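Structure first, then comments.
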Amino acid sequence: MKKLFLFSILSIFIIGCTSSSKLMQRGMYDYAINNAVKKLKKKPTKYKEIEVLKESYRLANQLNTDRIDFLRKTGEPTIWDEVYVNYNAMKNRQTTVSTLPQSVLN
């Protein structure tokens, strides 16, 4: 239990100190989106963060869409929970990005 707590704290610290572009390069798209949104709320003119946000958003949605397409093609009746989770992730991502001012997104 102690190791798990220590690992959790260390993970949060490492992720919190990592740049959005590094997170995107590592494939941690949702973390990169959240980090970029947080930085853009403070300073909406950070063009590097805007580019990271757009690319991370595109890649994360593509992963979810590809997974949903794959699941639907299998025809299994037990896929719908995972399909829901993927759609919900896309919805949450969209909600996060929609909190930014419209001028940032254009």
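Numerical summary
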| quantity | calculated |
| --- | --- |
| Shape category assigned to region 53-92 from the gyration tensor of Cα positions, a/c cut at 1.5 | oblate |
| Rough spin-label spacing in nm, given labels placed 7 Å along Cα→Cβ, for Lys38 and Asp81 | 3.1 |
| Area of Arg26 that stays accessible when all protein chains are in place (1.4 Å probe, Å², to 10) | 140 |
| Which of Ser103, Ser20 is most accessible, then next, and so on - probe 1.4 Å | Ser103, Ser20 |
| By accessible area with a 1.4 Å probe, ligands and nucleic acids excluded, highest first: order of Thr78, Thr99 | Thr78, Thr99 |
| Area of Glu49 that stays accessible when all protein chains are in place (1.4 Å probe, Å², to 10) | 20 |
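The values are calculated or read from the model by the stated rules, or taken from the named source; none is laboratory data. Values in this document were obtained by computation on a predicted structure and should not be read as measured data. Please note: Cβ atoms are built from the backbone with ideal geometry, for glycine as well, and neighbour counts cover all protein chains shown. Surface accessibility is based on the protein's heavy atoms, side chains included, excluding ligands, DNA and RNA. Shrake-Rupley method; radii C 1.70, N 1.55, O 1.52, S 1.80 Å.
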